[in-house]
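> Structure provided below as structure tokens; questions to follow.
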Amino acid sequence: MSSLLVCKVKRHFRRYFSLILFSSLLLALNIKEGAKKIKTFLSERNKIDILFYTTKKDTNMKAIKNLSLKFLIFALLIMSLSFCVQGIAFAADEGESVNQEVEVLLAPTTYKVQPGDSMWKIAVRFEIGLAELIKANPQIRNPALIYVGQIINIPEGAPLKSFEDEVIRLVNVERARNGLQALQANWQASRVARIKSQDMITNRYFSHTSPVYGSPFKMLESYGLRFSAAAENIAKGQRTAQEVMNSWMNSPGHRANILSRSFTQIGVGAAKDASGVLVWTQMFLKPA
């Protein structure tokens, strides 16, 4: 985005600077030609009237030079300003589109508070955690007290959501092949799964037990999810949703979780480490 804007600004700057430089050269040539004409004129006449006073030939040239220089400098400034204005007008359409593009690329996702809103309702609306929403809005001193018309920043909750959604779709394809009911996507479970994947990257481990959150069951409970049955699948290194599903379906324990009749909901979370390696987590549950 920023490189696109810089390139366009540089292009317009070069265009307008070139026009100004070219006009300056033309004026310089005109000054030289004008001086010749003035000299010829003065050689033919002994005096000339300029701005209400007449001089003799001896002082004529000095006055002419001074006035001509001032006039031509003023003309040059006016000419340069004119070209700048024309350049701005010439680029108005393109500039408008550039400005719109910058606004689209730079502006963060925001939401204007409506009557009846709360931070929790906004978090649910955008399927993000309340803690993440509060963290993204340090200007809100009391998260329990927001006003209609306030602008709330909405953080990016799922940068790999398309991958996660595809895993959920593929899970339900496999369940349908085996005559099982489709699992309902649970965005809160997906949030927990996403945090678990990132936790494995941050703390450099690969296990169902987190050094921070404990077991998958404790982790789900710590994020407010209640269930009568739950399970977790994890994987690392697969580049696509299809690859990770192939790995899980070829593993008896993971396959059993995917095709279990004990669960009704699913959450999927993916995270990418600094090397671009993906870490995957599936959370299965049956709400209590």
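The values are calculated or read from the model by the stated rules, or taken from the named source; none is laboratory data. Every value quoted in this text rests on a predicted model; they were computed, and no experiment measured them. Cβ atoms come from the backbone with ideal geometry, glycine included; neighbour counts cover every protein chain shown. Heads up: the accessible areas ignore ligands, DNA and RNA and are worked out on the full protein's heavy atoms, side chains in. Shrake-Rupley method; radii C 1.70, N 1.55, O 1.52, S 1.80 Å.
> Check LEU160 against each of (1) open to solvent by less than 20 Å² (accessible area, probe 1.4 Å); (2) at pLDDT below 95; (3) among the aliphatic types (A, V, I, L, M) and name the one condition it does not meet.
Result: LEU160 passes all but (1).
> Something else about it: Return a yes/no flag: does the stretch 199-206 have any residue that is touching a residue at least 60 places away in the same chain (Cβ under 8 Å) and either closer than 22 Å to GLY129 by Cβ or more than 33 Å from the chain's Cα centre (by Cα) (or both).
yes
> Condition test on ALA176, is it open to solvent by 60 Å² or more (accessible area, probe 1.4 Å) and part of a helix (DSSP H, G or I)? It would help to see each step written out before you state the result.
On the way: open to solvent by 60 Å² or more (accessible area, probe 1.4 Å): yes; part of a helix (DSSP H, G or I): yes.
So ALA176 passes the test.
> As an exercise: evaluate PRO211 against (1) more than 18 Å from GLN265 (Cβ to Cβ); (2) touching a residue at least 24 places away in the same chain (Cβ under 8 Å) and give the number of the one condition it does not meet.
Only one criterion is unmet by PRO211, namely (2).
> Please enumerate the residues belonging to the stretch 106-130 that are surrounded by 12 or more Cβ atoms within 10 Å (Cβ to Cβ), aliphatic (A, V, I, L, M) and either touching a residue at least 60 places away in the same chain (Cβ under 8 Å) or under 16 Å from GLN188 (Cα atoms) (or both).
MET119, ILE122, ALA123, VAL124, ILE128, LEU130
> Somewhere in the stretch 210-226, is a residue acidic (Asp, Glu) and out of contact with any Pro (no Cβ under 9 Å at 6 or more places or on another chain)?
The initial filter retains those residues of the stretch 210-226 that are acidic (Asp, Glu), namely 221.
After this cut, where a residue has to be out of contact with any Pro (no Cβ under 9 Å at 6 or more places or on another chain) as well, the list is 221.
Yes, the stretch 210-226 has at least one match.
> To continue, here is another question. Quick one: how many residues across the stretch 179-198 are open to solvent by 40 Å² or more (accessible area, probe 1.4 Å), farther than 25 Å from THR109 by Cβ and either over 32 Å from the mean Cα position of the chain (by Cα) or of a type in the set (Phe, Trp, Tyr) (or both)?
So the count comes out to 3.
> Is there a residue being outside any strand (DSSP E or B), among the basic types (Lys, Arg) and in contact (Cβ under 8 Å) with a residue 40 or more places away in the chain anywhere in the stretch 147-164? Break it down stepwise before answering.
Of the residues in the stretch 147-164, the ones outside any strand (DSSP E or B) are 147-150, 154-164.
If we keep only those that are among the basic types (Lys, Arg) as well, we get 161.
Okay, now just the ones that are also in contact (Cβ under 8 Å) with a residue 40 or more places away in the chain, so none.
For the stretch 147-164, residues outside any strand (DSSP E or B), among the basic types (Lys, Arg) and in contact (Cβ under 8 Å) with a residue 40 or more places away in the chain: absent.
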